[in-house]
Amino acid sequence: MSSTRVVILLGRPGSGKGTQGQLLESRRGYVHLSTGELLRAAIRERSELGVKARKFVDCGQLVPDGVIVSLVAEHLSSLVGEVPGVVCDGFPRTVPQALALTEALNGLGSPAPVPIELRVSNERAAQRIEGREAGSGLITRSDDKPEIVQARMAVYEAETRPVIDYYESVGLLRIVDGSGAPEDVFRRICEFVD
Ligand code: AMP
């Protein structure tokens, strides 16, 4: 397989990145690369990475860029050229991570990524997270407690919104209305992916 498309899902906590990442995996054969999931697995296994990451994840802060960049680079190098696509969910979260991703893709001879912002209102995102916390069919997460969600939202505004601005400034950003049923959002995403 010659080229692997790298799609990046961006958006505030509760915008539906995880759900859409899973749909791209099940419907389009993309590999869903969720840094949050990788970190939660590492924490459960109490691996070296898990021990390093836990104190940040538990309080809704970002794990240091160096740790995340090597984790993602390792996965990408074994995926690019082997699978039709990779959907990054929860990465990049900072501008240095975005620059490191561009560099890694260049090094692998891969085309520029396709960053898609899932745009939802604060209210909608909060409702989704509350639903998740109440365990209404969605995965329950220990960092979905209200006080930690507040920290994650603040980190999103300070560190991750500039990533969206960065992709906009280089002319790559696509914006999708993230409200409504997952199926409808998925159709909108596919206009940029297919
Ligand atoms: P998520 O499942 O994407 O919401 O991530 C859950 C938590 O994992 C975040 O609140 C961070 O503590 C950590 N995390 C996930 N992805 C990253 C990343 N790209 N950079 C730094 N920390 C991350």
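The values are calculated or read from the model by the stated rules, or taken from the named source; none is laboratory data. Quick caveat, the model's predicted, so the values are computed rather than measured. Every residue, glycine among them, receives a Cβ derived from its backbone with ideal geometry; neighbour counts consider all protein chains shown. In case anyone asks, the SASA skips ligands and DNA or RNA and just uses the protein heavy atoms, side chains included. Shrake-Rupley method; radii C 1.70, N 1.55, O 1.52, S 1.80 Å.
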Next on the checklist: If I filter region 80-102 down to residues being small (Gly, Ala, Ser) and within 26 Å of Ala154 (Cα to Cα), which single residue comes out as nearest to the ligand (Cβ to nearest atom)?
Outcome noted: Gly90
Next on the checklist: Quick check on my filter: what residues within region 167-189 are more than 16 Å from the chain's Cα centre (by Cα) and closer than 12 Å to Pro115 by Cβ?
Outcome noted: Glu168, Ser169, Val170, Gly171, Leu172
Next on the checklist: Here is a check on your reading of the model: is Ser77 within 13 Å of the ligand (Cβ to nearest atom), outside any strand (DSSP E or B), farther than 19 Å from Ala154 by Cβ and open to solvent by 60 Å² or more (accessible area, probe 1.4 Å)?
Outcome noted: no
Item to check | Condition met for Gly18 (under 21 Å from Val63 (Cα atoms), open to solvent by 10 Å² or more (accessible area, probe 1.4 Å), of a type in the set (Gly, Ala, Ser) and in contact with a strand residue (DSSP E or B) (Cβ under 9 Å, 6 or more places away or on another chain)) | outcome: yes
Next on the checklist: Looking at the structure I just gave you, is Ile43 in a helix (DSSP H, G or I), open to solvent by less than 20 Å² (accessible area, probe 1.4 Å) and not aromatic (Phe, Trp, Tyr)?
Outcome noted: no
Checklist entry - Which pairs have Cβ atoms under 9 Å, sit 6 or more apart or on different chains, and link a residue in region 34-50 that is basic (Lys, Arg) and more than 8 Å from the ligand (Cβ to nearest atom) to one that is open to solvent by less than 80 Å² (accessible area, probe 1.4 Å) and in a helix (DSSP H, G or I)? => result Arg44/Gly50
Checklist outcome for this item: Subset of region 23-40, residues in a helix (DSSP H, G or I) and either among the basic types (Lys, Arg) or more than 19 Å from Arg93 (Cα to Cα) (or both), comes to Leu23, Leu24, Glu25, Ser26, Arg27, Arg28, Arg40
Checklist outcome for this item: Taking region 80-115 and keeping residues in a loop (DSSP other than H, G, I, E, B), open to solvent by less than 10 Å² (accessible area, probe 1.4 Å) and of a type in the set (A, V, I, L, M, F, W, C) leaves Phe91
